[in-house]
Amino acid sequence: MKAVTLFSNRSQAPEGLNMGDFMAIWDVARNKIIGTSTMAVYYRQAKDKDLRILIKRGVYQNINKHVSDIQALLKDKGFDLPIEPNWERKFATNTHFTIPQSVLDDEEITFSLREIIKLTLTLEMEALRNSTDTKIRRLLTGILADDSNGYDMVLLLQITKKWTDFPPIALSQ
């Protein structure tokens, strides 16, 4: 079933899936699919081994898993799936996907990565707030937990490498 059917003809909507549930998981999946290209750019730009591992692990273990889980749920409900068929090619070592190595440095990448994850967490909280289906809420809760852990990992990497742009600590007198 195409998503437009859900919006245009409520009588054909699968039982138990309302517009809030559908939009919640669709938006999260699209955000992750679109973000994969950004992660590929960051991966290609990064020189630091730990940063490269963090980015690749995040894509392969989190983004890919989350999108697959959402696709399976949507397929089970009879919907077309949000897809990005070329994401693995962007991370392959033998690809024609090249980017000049002088655009971003590792510190700038972690700043951007941290902010992207913060926005992703905001989108996921909104999706969770708008969903009512128990299965979808459980899925979103797991995705939110994984991405929150990813955020912690980026912060830890920034602190370890001294790549911090945090404001100065305000101490009382």
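The values are calculated or read from the model by the stated rules, or taken from the named source; none is laboratory data. Bear in mind that the values here come from a model prediction, so they are computed numbers and not experimental data. All Cβ positions, glycine included, derive from the backbone under ideal geometry; neighbour counts span all protein chains shown.
Just a few scattered comments:
- Scan of segment 152-171 for residues that are surrounded by fewer than 19 Cβ atoms within 10 Å (Cβ to Cβ), among the hydrophobic types (A, V, I, L, M, F, W, C) and not in a helix (DSSP H, G or I), ordered by number: 166, 169, 170, 171
- Residue ranges of helices (runs of 4 or more DSSP H) in segment 63-151 with at least 2 members at pLDDT 85 or above: 64-76, 106-130
- Looking only at segment 122-142, and only at residues there that are among the hydroxyl-bearing types (Ser, Thr, Tyr) and surrounded by fewer than 16 Cβ atoms within 10 Å (Cβ to Cβ), the one that is nearest to the chain's Cα centre (by Cα): 122
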